């Protein structure tokens, strides 16, 4: 990861992410632990696109799916009693929305390359919602 990527990651982490974290907590109806492996999200040559790509690939689908699940008290209780942590990373090179979300032992892992299929936000949200609902 070069200097441009490190700067872009740091800028996103300090200026954009706090607002997104608040949106995650609001959608979940509780404060969720979120662990982001920023170094794996930093794809070389895309530093100027992080502000656009990261929300589209990771955060918008996440808040959309959480909001759909917590639309009622039953969903809120199920999520709060089951979800312990969210992990966001890019370690496997996943490029498809069908395989990007895994919920096991209270840990929701979101794994996708941030520069691939960026605008399939709705598909990622639907796949994530299915994954969570099948295991809550």
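Please state the relative contact order of region 57-136 as a whole percent: Cα pairs under 8 Å, 6+ residues apart? Numbers along the way, then the final one.
Details: 110 pairs, mean separation 31.6, N = 80.
Worked out over region 57-136, it gives 40 percent.
Jot down the radius of gyration and Dmax of region 1-70, Cα atoms only, both in angstrom.
When restricted to Cα atoms, region 1-70 yields Rg and Dmax of 12.8, 40 Å.
Note the full-extension length gain between residue 39 and residue 91 as 0.36 nm times their separation in residues minus their Cα-Cα distance, in nm to one decimal.
Working: separation 52, 0.36 × 52 = 18.72 nm, distance 0.98 nm.
In short, 17.7 nm is gained.
As a test of the formula, what do you get for the chain when each DSSP H run with n ≥ 4 contributes -39,500 (n - 2.57) and the sum is divided by the residue count, at 222 nm and rounded to the nearest 500 deg cm²/dmol? It would help to have the intermediate numbers written out before the result.
Working: 7 runs with 65 residues, N = 136.
Calculated from helices alone, the mean residue ellipticity at 222 nm is -13500 deg cm²/dmol.
Hey, what does the equivalent ellipsoid look like for the chain, semi-axes from the Cα gyration tensor as sqrt of 5 times each eigenvalue, largest first, whole Å?
Values: eigenvalues 127, 47, 30 Å².
Working through the eigenvalues yields semi-axes of 25, 15, 12 Å.
Coordinate-derived values only; no laboratory data. All values derive from a computational prediction rather than experimental measurement.
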